Every structure is written in C-alpha cells, then in structure tokens.
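K.L.:
One structure follows; several queries about it will come next.
The values are calculated or read from the model by the stated rules, or taken from the named source; none is laboratory data. Computed from a prediction, not measured in an experiment: that's the story for all the values here. Positions of Cβ are backbone-derived with ideal geometry, glycine not excepted, and every protein chain shown enters the neighbour counts. We work out accessible area using only protein heavy atoms, side chains counted, and drop any ligands, DNA or RNA first. Shrake-Rupley method; radii C 1.70, N 1.55, O 1.52, S 1.80 Å.
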Amino acid sequence: MITENNGVFHIQTASYSYLFKINAYGIPEHLHFGTPVQTEDAEALSCRPGLGWGCSILLNGEDTASCLDTLMLEWSGSGRGDYRESPLELAGQPSDFRYESYEILKGNAAMACSLPQAHGAEETLVITLAQKNAKLQLYYSAYPTAIVRRSVLTNTGEAPMTLNKLMSFSLDIPGNFTMATFNGSWIAEMRRTDTVVGASKVVNESLTGSSSNRHNPGFLLFEPDATETAGRVYGFNLVYSGNHYASAQRSHQGLTRVMQGINMSNFCRELKSGESFETPEAVLCCSNAGFGGLSKNMHTFVNDHIVPVAWAHRPRPVLYNSWEGCVFDFNEHRLLDLAGRAKDLGCELFVLDDGWFGARNNDKAGLGDYTVNKKKLPHGMEGLAKRIRDKGLDFGLWFEPESVNVDSDLYRAHPDWALTDEFAPVFGRNQLLLDLTKQEVRDYLVKSICPILDSAKISYVKWDMNRHSIALGSKAHDFILGLYEVLDRIFTPRPGILLESCSSGGNRFDLGIMCFSPQVWTSDDTDPVERLTIQQGASYLYPQSTMGAHVSAAPHAQTLRTTPLATRGNVAFFGCLGYELDLKHLLPVEVKEIKTQITFYKQYREVFQYGTFSRNALGWQVSDGKNTLAGVFHGLVHAAPSYEQLRLTGLKKDARYRIASLTQTIRVGQFGNLLKHVAPVNIDPNGQLLRIADRHFTLPYGEEVMTVSGAALMNGILLRPLFRGTGYDQNQRTHGDFGSDIYIVEETVENRQE
Ligand code: DGJ
C-alpha cells in the first residue's frame, strides 16, 4: 500500500516500511527503510539537525534544517551544499531538483526503452521533481518483500543537455555498515568480500561491459551484530547486465549514503529537447532477521517477480549437457549413445553444447554461422532432435549469438558487423563481439536463431557469451539495450523454452538476464569444493532456482581434485541439477549411484529449487515448511575428528521430526590395504580382484534415523562420529576427504495428524 499524508509518503507491505517526506524546501527527505512502522512516526524518524553546522551551507538563511549535507535525502543534487556523492551529473551544471507532484499508479509503470523490468508490482509511486529546463521522475514500485526504484531524466528546455551520470536510486540510512560484495573471476565467482563502510567511499563496479564475474552487481550492507538469523541487513541489486556502479560512504553525521546504477565511466549522453534517459531498475530489500532473512526476501522477489512468469516456480528438468564429456568431439552416433545413457540414469533433457554448426571444430572458427554441420549431424538438427525426443528426452541447444570468429562466413560477409575501434582488434577466446547496437545485426540474430528453435522443437537454449566487451566505449549501454531487444524478440513469443544464460560461467549472473533466463550457468567450475564457495556466495541474493549446478568427472578439469561422487551430487542438489561428464566411462557402481541421486533429487526437487535457503556452520539448509533438507559438507579429513553439531532453523519447536540421512556408500577400493582388517582372505590391494570388486560393490555407512523435537534440532544435535578407526565401521560416517551428508527432516506422521 502506498499513501501520502501531508507530504509524507509511506510505502508499506507486511515486511517493510519505506517512508520519506517532502520538506519545507521541496526536497525529498528520507525517513525510514526497515521493519513496518506507522506514518505518524515520521517526525521521530527524521533528522533534526539542531544548532548550526559551522562551515556548512544553508539553503535558507539561518535554518539548520536546510543544511542538505546533514540530512537523510531521498535524492541529491550538486552545488547546493550537499557535499556527498550526487546520483546525478549534468555536464558543467549544478542541479537542484525540487518537488512538483506525485502520482500513484496501479501495478508497474512500463519503460519506453528495452530494459527489462520486474513484473507484478502492487502499486508504483512516481515523484516528479523539476528544475529549470529539466524534469526528474523517481519511481518506486512496491513488491511484498522488496521495493524497486528507478529514475528518469527529461530535457524540458530548448537546448540540448549533456547527461554524465544518472543513478537508479540514492538513499541515506543511519547506522554502521559493512558492505558485502561478491567478487572473483572466471571459475572463481562470487567470493564474498566484506569491507567496512567508513569515511572513504566503498565502490562496487564493473567496467567489463558485463555485470561481470569480477564484481557482481548485488551487494549487502549489514550492521556489525548481524548473523545468519538476526540483525539488520540490507540487500541491493540492479536489473541490468552491463557496466554497473554502486557506492556507500558514511558521513560525519553517521548517515550512510548508498546509490546504484549504470556505470557512468566513459558515459555521456546528449538529450535533445524533449528527450529522456531511463535508468535500469534497482532492487532494495531489508531484513531484521539477519542474512537468512535478507536472502529469503530477495529469493522470494526474484522467484515471484523477476524470472519470466511462465517459469516462475516451475520445476526445472534434470539435464545432461554434452560439453565436459565431448567438448567439440562428437557426431550423431555418439550423441545418441549418450542420450540413451542419460535417459537410463533419469535425466529429462539432453543439451547439445558448442560445436554443432559451421566449421566449429575448435574455438577458433565458425562462431556466427548457425548452419548445422552435416558431417557431424547428417540428419540435421531436426533429425537429431527427433531421435533424442524418441528416447523420451527433451532437447536443448547451445548458441553464442553475440560473438563472431574472424574465421567465419559471417565475418567474411560482414566484417563491419564486428565491434572494433581504431586500434588493432583485441580478441577474447579468438572472437570479437558483434555490434548489437546495429539493427541489421540484431535482425540477423533473430532470423538465424528462430527457425532452428522452431523446426527442431527446441525446449531449452543455453545462451553463451565468452568474452568481455571492449571497443564499446560509450556504446556499452546501447549494446546491452540491443541484447535485451534480441532476447525479447526471440524468447517472449516462445515462453515454453527454458533459457539458461551463460557467460564463461557466471560472468553475467544478474537480474537483467534473469528477466529472460530463469536459470544461469553459475560457473564453469563444477568442482564441488569450489562450488560450495561459489553457490554460497550467490545464495545471499539469488535463489537456488537460478543456479545451474552440474555433476562432472573426477579428477576435476579445473582443480585436478578427486571428490566423492556423493559430494558432487550433494552440492549440485542445491541448484538446478545436471550431469556433464562422459557417461560411457561410468563404472557400474557410479551408474547405480547416479540413478539414486536423480531419483532422490526428483522426489525433493521443489524443496531444493524453491525452498527457503539458509547457511549454517556445517553447510546449507532448504525448507518448504514441510520438508527440510540439510547438507553437511567436509573438507580434508582430520585424524581424531571432533563431534559435529547440526543446528537447523525455522522448525516448530514443539513438533516431533524424523531425521534420516540419505543412504551413502563407499567404494570398497577406497579401503585398499585396510581390507585386510575385515576380509576373511588376504586381498592384494593392487590386484585384479579388488579392481573388479571396486567396480561393482560399495559399503553403506553412517546411517542416521532418529525422532527428535524441533527444539532439539534448532538447539543442535550431535551427528554420528566421523571415521576415526582403521577399519570399516558401519556406524561411522566414512567418507574420506571432501565427504558430505544429506539429512531429510520431516514432521512425524503422528505429529502431522495432531
Ligand atoms: C563456455 C561455457 O561456460 C561452457 O559451459 C561451454 O558452453 C563452452 N563455453 C562452450 O564453448
């Protein structure tokens, strides 16, 4: 609900209040963003500057309440006494926007440009501010667990105006904060980095042309006492896939100014008379229930209002992807063999990755030519797709539409379609970017991709993008607008297609892309130990339903680490599960284990993909209120390990629960020489007998089944001991390095009947 009362605006939902007032000078002053309060609290929540501020500037004579530098502002100009960073810069001009009017609209207010928007807002408040020759509109859309802000600047004068900077929002909040950002690089995305926000500005920005794996646009501000379950945490994100900028800085008065928007480095836009510039939407979330509470609010918002309606809360298929198993080396025969095996394991979707078109036999040629390679696929894409569907699998296909190899028919025909500057071309993965600011390039992409999707009845697309954008300069924003137009033209008329965006893994893991692509390939690194960091980083702001998570081979391609198959599965369960290894080389024990994994995942997939996610000392928890699933993850094994306490959250304290471990087994070969302690005969640890046995036999371990109260589970229960002996003991959790366990917690039947 949005109300206006004597110049006080109150945006209120069950989970938050957002309050600001128009002060005596027509300047919007921020009052509160946090737990629900009453409109009548406005005065108590506002800054009351008191006596003068020495060298500060007063807008109006002696009135200290007109000292902009000391107030919490909802927006700020420049050159009028507020020395903090301004969210707006007009070239060579101060700015001083004052209140003119407001409007409350039902639902969302559509944008004129191709930027994607959240959907399903209850109401939208539009505040119009003005100064000579310009109008500034601040938009506030109310969603149950988040507020979405954006701004629009219009040149109302006769002469052109040069815009250097326009943020989506600016906000001043009282308190001491630390900023958590999610940084990294290729195969090392989403590492949480905490930086105390003090007198010097903390900046989170991308200059690569993409939202980037370097610095994800999402970030948190949290108070010093915040934990997973308690304390004040704010979350911010941008519905945008290009260069972004956010800053936070604490003033001497203890007010933290935070703002976010498009990165304005190298940005300059001339607005002719009557022209407007629209910023992307920014998402603002808050919680007094710690990081877990903040994640819950953000996840709800993304699942309900960002991903396309057709895919909201829709269970995601278990897929098999050909990349890590085949790379470029495949033909129809090999793919059909893999598809048969994938089906047998329980997969539902077969995805053909890179290498199916033109001269694409490695990453040096062919990109841009979406003509099927008939040597590899003699029956064409339609023929392959049909054969795969006949096996009972859906069929998905990889594209990398934004790039081109110089060694391609497309480049030979249209060298001017590639983005270059006056210097020698700079390549990334042997490719250049196509100039998506050109209408003919966008038309080419739509025209070459759509017929393949329709004729081969493609039900999933992996849209890759493997290089950072350079040679873009001030075109960076227009490139992203071009990309959104292409995505809209291809996928809006085809809502049944599940789009999984990928950019060398998580190089474009953002809310802009998620408006088209309900799931995103989180990282090219599928090593489960690495994935624990990557998926946990992503989990603060993005729900599990958005994270592509695959089981791949061990030793792992990027780390050379050998991990148990169980752990590879257990980590991938907390996302959209897939398999990406050569199925032909699986051992019988592995086939059996993967079948069990997929059956288990399907049984609980909605809890894994859409349940409330939280982090604890041992790992992760998801819950849909009925079923709770906990993952416990280990690193290197220590001799004489301590007890482990599993502490869950969100249960009913008086209810009784059945907690059971997912049955896991250990390969007999892992015991090697130790088998002498249990085997009746002496087995050669390097002999043929053990090698054969290891292919077929496993030993179960550490099974846990108990009935216990919610209170005890939330207090923490001690798990079965970890392996601490020389031999096999079924009662110990015997998993070796990088082991893990899954626990299934359900209310007991008697309890449910009460
Ligand atoms: C990079 C992606 O991240 C991989 O998953 C794979 O699709 C390759 N590109 C194919 O070239």
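K.L.:
Whether any residue in segment 315-322 is within 20 Å of Leu397 (Cα to Cα), crowded, with 23+ Cβ neighbours inside 10 Å, among the aromatic types (Phe, Trp, Tyr) and in contact (Cβ under 8 Å) with a residue 24 or more places away in the chain is what I want to check.
P.N.:
Scanning segment 315-322, I find at least one residue that is within 20 Å of Leu397 (Cα to Cα), crowded, with 23+ Cβ neighbours inside 10 Å, among the aromatic types (Phe, Trp, Tyr) and in contact (Cβ under 8 Å) with a residue 24 or more places away in the chain, so the answer is yes.
K.L.:
Additional query: If Arg508 satisfies all but one of (1) modelled with pLDDT of 95 or more; (2) in contact with an Asp or Glu (Cβ under 9 Å, 6 or more places away or on another chain); (3) within 15 Å of the ligand (Cβ to nearest atom); (4) not polar (S, T, N, Q), what's the number of the condition it fails?
P.N.:
(2)
K.L.:
Go through (1) touching a strand residue (DSSP E or B) at 6+ places or on another chain (Cβ under 6 Å); (2) farther than 16 Å from Gln117 by Cα; (3) of a type outside the set (Val, Ile, Thr) for Asn266 and report which single condition fails.
P.N.:
(1)
K.L.:
If you don't mind, there's one more thing I want to ask. Output the residues belonging to segment 690-715 that are under 18 Å from Asn616 (Cβ atoms) and open to solvent by 50 Å² or more (accessible area, probe 1.4 Å).
P.N.:
Met714, Asn715
K.L.:
Restricting to segment 88-145, name every residue that is touching a strand residue (DSSP E or B) at 6+ places or on another chain (Cβ under 9 Å), under 24 Å from Gly482 (Cα atoms) and not hydrophobic (A, V, I, L, M, F, W, C).
P.N.:
If the condition is that a residue be touching a strand residue (DSSP E or B) at 6+ places or on another chain (Cβ under 9 Å), under 24 Å from Gly482 (Cα atoms) and not hydrophobic (A, V, I, L, M, F, W, C), then Asn108, Gln117, Tyr139 are the ones that fit.
K.L.:
Separate question: Among the residues of segment 570-581, are any assigned to a helix (DSSP H, G or I), at pLDDT 95 or above, on the phi < 0 side of the Ramachandran plot and within 15 Å of the ligand (Cβ to nearest atom)?
P.N.:
yes
K.L.:
Still on this structure: Regarding Ser86, is this residue modelled with pLDDT of 95 or more, part of a loop (DSSP other than H, G, I, E, B) and either open to solvent by less than 50 Å² (accessible area, probe 1.4 Å) or β-branched (Val, Ile, Thr) (or both)?
P.N.:
yes
K.L.:
Which number in (1) in contact (Cβ under 8 Å) with a residue 40 or more places away in the chain; (2) small (Gly, Ala, Ser); (3) loosely packed, with under 15 Cβ neighbours inside 10 Å marks the one condition that Ser15 misses?
P.N.:
(3)
K.L.:
Run Gly625 past the list (1) without any contact (Cβ under 8 Å) to a residue 60 or more places away in the chain; (2) assigned to a strand (DSSP E or B) and report the number of the one that doesn't hold.
P.N.:
All conditions pass for Gly625, except number (2).
K.L.:
Output the residues belonging to segment 602-661 that are open to solvent by 70 Å² or more (accessible area, probe 1.4 Å) and either closer than 13 Å to Gly710 by Cα or in contact with a Ser or Thr (Cβ under 7 Å, 6 or more places away or on another chain) (or both).
P.N.:
The answer is Lys626, Arg647, Gly650, Lys652, Lys653, Asp654, Arg656, Arg658.
Every residue, every condition in (1) surrounded by 24 or more Cβ atoms within 10 Å (Cβ to Cβ); (2) not acidic (Asp, Glu), yes or no:
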position	(1), (2)
Glu270	no, no
Ala282	yes, yes
Leu294	yes, yes
Trp311	no, yes
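K.L.:
Next up: Hey, could you check segment 721-754 for residues that are more than 26 Å from Lys602 (Cα to Cα) and among the hydrophobic types (A, V, I, L, M, F, W, C) and say which is least open to solvent (accessible area, probe 1.4 Å)?
P.N.:
Leu722
K.L.:
Collect the residues in segment 664-675 that are surrounded by 14 or more Cβ atoms within 10 Å (Cβ to Cβ) and not small (Gly, Ala, Ser), keeping them in residue-number order.
P.N.:
Gln664, Thr665, Ile666, Arg667, Val668, Gln670, Phe671, Leu674, Leu675, listed by residue number.
K.L.:
Inside segment 50-83, can you point out the residues that are open to solvent by less than 30 Å² (accessible area, probe 1.4 Å) and farther than 27 Å from Thr128 by Cβ?
P.N.:
Of everything in segment 50-83, just one residue is open to solvent by less than 30 Å² (accessible area, probe 1.4 Å) and farther than 27 Å from Thr128 by Cβ, namely Thr64.
K.L.:
For segment 349-366, name all the residues that are without any contact (Cβ under 8 Å) to a residue 60 or more places away in the chain and among the charged types (D, E, K, R).
P.N.:
Matches in segment 349-366: Arg360 only.
K.L.:
Looking at (1) under 34 Å from the mean Cα position of the chain (by Cα); (2) at pLDDT below 95; (3) open to solvent by 90 Å² or more (accessible area, probe 1.4 Å); (4) not polar (S, T, N, Q), which is the only condition Leu718 fails?
P.N.:
With respect to (1) under 34 Å from the mean Cα position of the chain (by Cα); (2) at pLDDT below 95; (3) open to solvent by 90 Å² or more (accessible area, probe 1.4 Å); (4) not polar (S, T, N, Q), Leu718 is out only on (2).
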